[in-house]
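Notes for the one structure printed next.
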Amino acid sequence: MARKTVVRKNRYFDSVFLMLVARRMAAQPGISDASALLATEANRKVLAGMGYGEAGRDAAFAAAGPNDLVIALEGEAAAVEAI
């Protein structure tokens with residue numbers, strides 16, 4: 001299984017829209033987990049608790065702020081990279 005987080009600076013989206021995006025990503029073949037969240041402190045803690053944004057290894061995740069979009073994916077490597 002591969003895990004990946006992607007941070008897009010200054011990409012604010014409504015939480016309902018992000019839930020729909022995450023659901024659509026999770027439905028793709030080879031994806032076992034998908035999240036699309038704004039990088040609030042609470043959301044970063046939730047993702048870290050799920051094993052995303054490895055401490056000391058993911059500087060973009062650690063530096064992300066509440067107006068930044070975080071996409072977190074887990075699944076087969078090819079499927080994760082395709083998304």
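The values are calculated or read from the model by the stated rules, or taken from the named source; none is laboratory data. Computed from a predicted structure; not experimentally measured. Cβ placement follows ideal geometry from the backbone for every residue including glycine, while neighbour counts extend to all protein chains displayed. To get the accessible areas, we keep the full protein, side chains included, count just its heavy atoms, and leave off ligands, DNA and RNA. Shrake-Rupley method; radii C 1.70, N 1.55, O 1.52, S 1.80 Å.
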Scan the range 25-67 for residues that are closer than 20 Å to residue 77 by Cβ and basic (Lys, Arg) and jot them down.
57
Looking for something buried (at least 19 other Cβ atoms within 10 Å of the Cβ), hydroxyl-bearing (Ser, Thr, Tyr) and in contact with a helix residue (DSSP H, G or I) (Cβ under 9 Å, 6 or more places away or on another chain) - is there at least one such residue anywhere in the range 15-34?
no
Which of the residues spanning the range 25-72 are under 15 Å from residue 15 (Cα atoms) and among the hydroxyl-bearing types (Ser, Thr, Tyr)?
35, 40
Write out, first by first residue and then by second, each pair whose Cβ atoms fall under 8 Å of each other, whose residues are 6+ apart or on separate chains, and whose first residue, in the range 49-71, is open to solvent by 50 Å² or more (accessible area, probe 1.4 Å) while the second is among the polar types (S, T, N, Q).
50/35; 60/5; 66/40; 67/10
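For the range 1-14, which residues satisfy the criterion of being open to solvent by 60 Å² or more (accessible area, probe 1.4 Å) and either under 11 Å from the mean Cα position of the chain (by Cα) or of a type in the set (A, V, I, L, M, F, W, C) (or both)?
We begin by selecting, within the range 1-14, every residue open to solvent by 60 Å² or more (accessible area, probe 1.4 Å); these are 1, 3-4, 8-14.
Hits for the range 1-14 are 1, 3, 4, 8, 13.
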